[in-house]
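J.: Here it is, the structure, as structure tokens.
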Amino acid sequence: MFASLSDRINAAVSSLRGRGRLSDADIAASISEIRRALLDADVALPVVRDFTATVRERAEAAELSKALNPAQQIVKIVHEELTRILGGQARELRFAKRPPTVFLLAGLQGAGKTTLAGKLGRWLTEQGHTPLLVAADLQRPNAVQQLQIVGQGAGVAVWAPEPGNGVGNPVEVARSGVAHAKEQFYDVVVVDTAGRLGVDAEMMQQAADIRDATQPDEILFVIDAMIGQDAVTTANAFAEGVGFTGVVLSKLDGDARGGAALSVASVTGVPVMFASTGEKVGDFERFHADRMASRILD
Ligand code: GDP
């Protein structure tokens, strides 16, 4: 991930190195090349425009053409601006004052929600919480069973639909899951919801109904970093249909060009909270925009 983007940005900056004083034209050419690299990496056009305009303005304000170490300064500006479009400073997760805290997972089918539920469950356990995973994806065949397997692998309890707690009704399953957590002193409930392959009104409504029934403290929108240009449309549809408070980028281990990762936080104004980097329960980390920017500029 980001390999090509990273190579090209570094090449654009390197071309400024070791050349002493630079002309405005040299700097403009280098910024143009960074712009092309971002577009080729599938970063959304408004994000690229904003990024490039800001870098250009800052380069001008810093009078780079008169600076002694212009390449270094431009790297610093690019780093800061990459960090900004990636969502800036990370914020803490919100936990309810009175447990249970509810985290709702939303996203397209195949985005990585069920896998994430296990990872989040394990991570929360490590943080001293007692989580409960709730299987409210009744759309996809085997989704409930998959969550049970994931929960087992992560050592986290799973609430699955059974007679009496809402078979066939995801809203009831979610509601009864939260009630069960309250009774049994699970302090965080992670609700897995159904996704479709494409954005669809019925799916949005179902997720919104589960949201209304469970009053989540965080709604985490899970997005597959591999979906490229579609990321922004999908994110906007979920922002409108369900709303979300945090983004989780999944499949960052793949060979995606990075556009989704670089666009979603900027376009929606919602920070990326976690990165999923593989199929195993431990392939998961808190997302730090500045570290990601450093990785790109490495
Ligand atoms: P859901 O439909 O949103 O619940 O998606 P799943 O959790 O079932 O994930 C869909 C597929 O993507 C599964 O085969 C997962 O093993 C895989 N997957 C999920 N997260 C990641 C990830 O971060 N990296 C990779 N390589 N695969 C992932």
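J.: Whether any residue in the range 169-184 is modelled with pLDDT under 90 and open to solvent by 30 Å² or more (accessible area, probe 1.4 Å) is what I want to check.
T.: no
J.: What are the pairs, 6+ residues apart or on separate chains, where a residue within the range 100-111 that is closer than 11 Å to Val178 by Cα has its Cβ under 6 Å from a residue that is polar (S, T, N, Q)?
T.: Val102/Thr214
J.: Moving on to the next point. May I ask you to list pairs of residues, at least six apart or on different chains, whose Cβ atoms are under 9 Å apart, with the first in the range 120-137 being closer than 9 Å to Val188 by Cβ and in contact (Cβ under 8 Å) with a residue 60 or more places away in the chain and the second being of a type in the set (Ser, Thr, Tyr) and outside any helix (DSSP H, G or I)?
T.: Leu124/Thr130
J.: Yes or no: Arg175 in a helix (DSSP H, G or I) and either more than 14 Å from the ligand (Cβ to nearest atom) or in contact with a strand residue (DSSP E or B) (Cβ under 6 Å, 6 or more places away or on another chain) (or both)? Walk me through how you get there before you give the answer.
T.: Details: in a helix (DSSP H, G or I): yes; either more than 14 Å from the ligand (Cβ to nearest atom) or in contact with a strand residue (DSSP E or B) (Cβ under 6 Å, 6 or more places away or on another chain) (or both): yes.
Judged against the criteria, Arg175 is a match.
J.: Mind listing just one residue for me: the one in the range 252-293 that is among the polar types (S, T, N, Q) and either more than 10 Å from the ligand (Cβ to nearest atom) or surrounded by fewer than 23 Cβ atoms within 10 Å (Cβ to Cβ) (or both) and, of those, farthest from Val47 (Cα to Cα)?
T.: Looking at the filtered set, the residue picked out is Thr277.
J.: Now for a separate question. What are the residues in the range 228-243 that are touching a residue at least 60 places away in the same chain (Cβ under 8 Å) and either open to solvent by 30 Å² or more (accessible area, probe 1.4 Å) or over 11 Å from the mean Cα position of the chain (by Cα) (or both), if any?
T.: Gly228, Gln229, Val232, Thr234, Phe238, Val242
J.: Anything in the range 189-204 that is without any contact (Cβ under 8 Å) to a residue 60 or more places away in the chain, under 17 Å from Arg140 (Cβ atoms) and open to solvent by 40 Å² or more (accessible area, probe 1.4 Å)? List them, or say none.
T.: Asp200, Glu202
J.: Can you name the number of the only condition in (1) of a type in the set (A, V, I, L, M, F, W, C); (2) open to solvent by less than 80 Å² (accessible area, probe 1.4 Å); (3) out of contact with any His (no Cβ under 8 Å at 6 or more places or on another chain) that Ala61 fails?
T.: (2)
J.: Another question about this same structure. Checking the condition within 12 Å of the ligand (Cβ to nearest atom) and open to solvent by 50 Å² or more (accessible area, probe 1.4 Å), which residue from Gln148, Gln139, Gln127 passes?
T.: Criteria check complete, one pass: Gln139.
The values are calculated or read from the model by the stated rules, or taken from the named source; none is laboratory data. These numbers were taken from a predicted model, which means no experiment stands behind them. So basically every Cβ, Gly included, is an ideal-geometry build from the backbone, and we count neighbours across all protein chains shown. Areas reflect the complete protein model, heavy atoms only, side chains present, ligands, DNA and RNA absent. Shrake-Rupley method; radii C 1.70, N 1.55, O 1.52, S 1.80 Å.
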